[in-house]
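The values are calculated or read from the model by the stated rules, or taken from the named source; none is laboratory data. Keep in mind that what you see is a predicted model, and the values were worked out from it rather than measured. Methodologically, a virtual Cβ is constructed for each residue, glycine included, from the backbone with ideal geometry; neighbour enumeration extends over all protein chains shown. Only protein heavy atoms, including side chains, enter the accessible area calculation; ligands, DNA and RNA are left aside. Shrake-Rupley method; radii C 1.70, N 1.55, O 1.52, S 1.80 Å.
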Amino acid sequence: MKSVVQLHDVSFSYGDRIILDRIDLAIKQSEFLGLVGPNAGGKTTLLKIILGLLVPDSGRVSVMDKSPQEGRSMIGYCPQYASFSREFPISVEDTVLLGRLGSTRAIGGYRRHDWIVAQEVMDAAEISDIKARSLASLSGGQLQRVLIARALACEPKILMLDEPTANIDLRVEEDIFDLLKELNKRMTIIVVSHDIGFISEYVTRVACLNQTLVCHETSALTGKIIEQLYGPHVRMIDHVHEAGSRGV
Amino acid sequence: MTGFVGALVDHTFLQYALLAGLLASIGCGIVGTYVVVTRLGYLAGGIAHTVLGGMGVAYFLDTAPMGGALIAALVAALIIGWVKLRWQQHEDTLIGALWAIGMAVGIIFISRTPGYNIDLMSYLFGNILLVSRQQLWLMAGVDLVIALTVVAFYRQFLAASFDEEFARLRGMHIEFYYLLLLCMLALTVVLLIQVVGLILVIALLTLPAAIAVQYVGSLGRIMILAIALGALFTCAGLGLSYEPDLPAGAMIILVAGISYLLATLSLGLFRQWRIGQRSQT
């Protein structure tokens, strides 16, 4: 199957500190890739390199067979929501419509088509009933859905999410991942998480990043691999939610 | 106040003053909204004070000070914008330096102007009663430019001030819109200098929008409410200052400032009262 994102021998450092060390990664079309690893392990850096916001020291990156700067219009991106002020006076619908910028005319208002797309993605993310509300009044889970809808409004081939469930309680986290699983039927999904145990139920492949990158099929995840990644001080703990047990 | 209304019918200079206040409110409400939501107050202060340099040079060269002010404001906006984009870590120090240099240049040139007897006070604190017909046309023109720019690029300014990174990813040239916004800010500052002077510019620029942002929830509505409030404050300030013969600029700012405090306080009290009501039921 075709690769939508390819990284070949990519290294990146801030000053003397090496963040990414010779990363090779090919993300296939309609894959659901979980990118996990400890904090400061380079996950967000890797996303920003794919988006062309950071330029690697060495190595090659391509998105849809183009440079990141050209190919990123095909990527719908959900940042960690610390990246803007929640107090900003903007409604849910206006936030989602901003996803149309770059696909619509440059001067003046939105076209009819933009409003239709915005309504469709709000329906898909189940936020149509709150579209008139301001961002400041939303819960963490609702805000995450708004960000997903905004990313979908770009009509992307790839959806990329940075810690989408960081400040959200577990029940809502499951709702969000169920939504992503549904979206995965139509597009490739890359999701960053620090919670390897939770996402392993949803993703098709896990990429473990801590300076270097190792990929695993989800079926092959074991305590030993987690230990390699996070170090020996992390123990497996049974999260007792529902029936099963989840790692880390 | 009744004396003011009567005098308004008789005196052209009062009509001009009132019109100047209304025209200033338009630019002020639009640009002030961006200043408030993106917290550009300090930057606006830097631009306002650098303008004195341009006015001083214009006076020294014996040309129209408004022209000098316009050029100085635009140059200051571009330099400050460039500083902000290029040296983000040191922006406050650099803006502070430009702020002071601009004023120093202005004072030196004004003092060297032959037959130096210009009222420096009127630049610092404004003199709305001296607005000429020509200046009114200039103000109307500046308002038109600002309004058209915002209508054309409303979405881009929204995207850039809300979430810069996302806007960049959608292919927007953030730097261009940022500098454009600062140029509009510079134009507005020049508009306001005539009305309230450059010391008080920041207050009239931010207070109406700072009130509006507490009551309505989108940039467009904040702009409209801020324009209405600005118009109210300038009219009220002018009217109140007329009979006791007080400085109009200072009176306008006083009205705006007190209104801001009252609006913020009453909203806070109302919210507390509502929480109290809810906990009772």
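Within segment B:192-228, track down each residue that is of a type in the set (Val, Ile, Thr), open to solvent by less than 10 Å² (accessible area, probe 1.4 Å) and within 12 Å of another protein chain (Cβ to nearest Cβ).
Scanning segment B:192-228 gives a single hit, B:Ile222.
When you look at A:Leu47, is it assigned to a loop (DSSP other than H, G, I, E, B) and within 14 Å of another protein chain (Cβ to nearest Cβ), yes or no?
Spelling it out, it is not the case that A:Leu47 is assigned to a loop (DSSP other than H, G, I, E, B) and within 14 Å of another protein chain (Cβ to nearest Cβ).
Does A:Thr95 meet the test of being within 14 Å of chain B (Cβ to nearest Cβ), free of Cβ contacts under 8 Å to residues at least 12 places away in the same chain and either outside any strand (DSSP E or B) or open to solvent by 40 Å² or more (accessible area, probe 1.4 Å) (or both)?
So A:Thr95 does not fit the description; no.
Being in contact with a helix residue (DSSP H, G or I) (Cβ under 6 Å, 6 or more places away or on another chain), open to solvent by 10 Å² or more (accessible area, probe 1.4 Å) and within 11 Å of another protein chain (Cβ to nearest Cβ): is that true of A:Arg105 here?
no
Residues in segment B:173-191: is at least one within 11 Å of chain A (Cβ to nearest Cβ), outside any helix (DSSP H, G or I) and open to solvent by 20 Å² or more (accessible area, probe 1.4 Å)?
Yes, there is a match, as at least one residue in segment B:173-191 is within 11 Å of chain A (Cβ to nearest Cβ), outside any helix (DSSP H, G or I) and open to solvent by 20 Å² or more (accessible area, probe 1.4 Å).
Give segment B:127-153 a look and list any residue that's facing chain A (nearest Cβ under 8 Å) and either of a type outside the set (Gly, Ala, Ser) or in contact (Cβ under 8 Å) with a residue 12 or more places away in the chain (or both), or say none.
If the condition is that a residue be facing chain A (nearest Cβ under 8 Å) and either of a type outside the set (Gly, Ala, Ser) or in contact (Cβ under 8 Å) with a residue 12 or more places away in the chain (or both), then B:Val151, B:Phe153 are the ones that fit.
Out of A:Asp21, A:Asp114, report the one residue that is open to solvent by 50 Å² or more (accessible area, probe 1.4 Å) and outside any loop (DSSP other than H, G, I, E, B).
Sole residue among the options that is open to solvent by 50 Å² or more (accessible area, probe 1.4 Å) and outside any loop (DSSP other than H, G, I, E, B): A:Asp21.
Tell me whether segment A:166-189 contains one or more residues that are assigned to a strand (DSSP E or B) and either crowded, with 17+ Cβ neighbours inside 10 Å or touching a residue at least 24 places away in the same chain (Cβ under 8 Å) (or both).
There is at least one residue in segment A:166-189 that is assigned to a strand (DSSP E or B) and either crowded, with 17+ Cβ neighbours inside 10 Å or touching a residue at least 24 places away in the same chain (Cβ under 8 Å) (or both).
Being out of contact with any Cys (no Cβ under 7 Å at 6 or more places or on another chain), within 30 Å of B:Leu246 (Cβ to Cβ), surrounded by fewer than 15 Cβ atoms within 10 Å (Cβ to Cβ) and not β-branched (Val, Ile, Thr) narrows it down to one residue among B:Met103, B:Met139, B:Met121; which is it?
B:Met121
Does A:Lys157 meet the test of being in contact with a strand residue (DSSP E or B) (Cβ under 7 Å, 6 or more places away or on another chain) and over 24 Å from A:Gly41 (Cα atoms)?
So A:Lys157 passes the test.
Within segment A:37-54, restricting attention to residues that are at positive phi and open to solvent by less than 40 Å² (accessible area, probe 1.4 Å), which residue is modelled with the highest pLDDT?
A:Gly52
Restricting to segment B:229-269, give me the number of residues that are surrounded by fewer than 14 Cβ atoms within 10 Å (Cβ to Cβ) and hydrophobic (A, V, I, L, M, F, W, C).
Residues flagged as surrounded by fewer than 14 Cβ atoms within 10 Å (Cβ to Cβ) and hydrophobic (A, V, I, L, M, F, W, C) within segment B:229-269 amount to 7.
With the condition kept exactly as written, say whether any residue in segment A:55-74 is buried (at least 16 other Cβ atoms within 10 Å of the Cβ), assigned to a loop (DSSP other than H, G, I, E, B) and away from chain B (no Cβ under 11 Å).
Checked segment A:55-74: at least one residue is buried (at least 16 other Cβ atoms within 10 Å of the Cβ), assigned to a loop (DSSP other than H, G, I, E, B) and away from chain B (no Cβ under 11 Å).
Anything in segment B:116-171 that is in contact with a Gly (Cβ under 7 Å, 6 or more places away or on another chain) and not in a helix (DSSP H, G or I)? List them, or say none.
Residues satisfying the conditions are B:Gly126, B:Arg170, B:Gly171.
Go through A:Phe84, A:Phe88 for me and flag whichever is at the interface with another protein chain (Cβ under 7 Å from one of its Cβ atoms), open to solvent by less than 40 Å² (accessible area, probe 1.4 Å) and at pLDDT 90 or above.
Within the list A:Phe84, A:Phe88, the selection yields A:Phe88.
Tell me which residues, restricted to segment A:119-142, are buried (at least 20 other Cβ atoms within 10 Å of the Cβ) and either within 13 Å of chain B (Cβ to nearest Cβ) or in contact (Cβ under 8 Å) with a residue 40 or more places away in the chain (or both).
Passing the criteria: A:Ala125, A:Leu135.
Does B:Leu19 fit the bill of being open to solvent by 30 Å² or more (accessible area, probe 1.4 Å), part of a helix (DSSP H, G or I) and under 26 Å from B:Leu144 (Cα atoms)?
Criteria met by B:Leu19.
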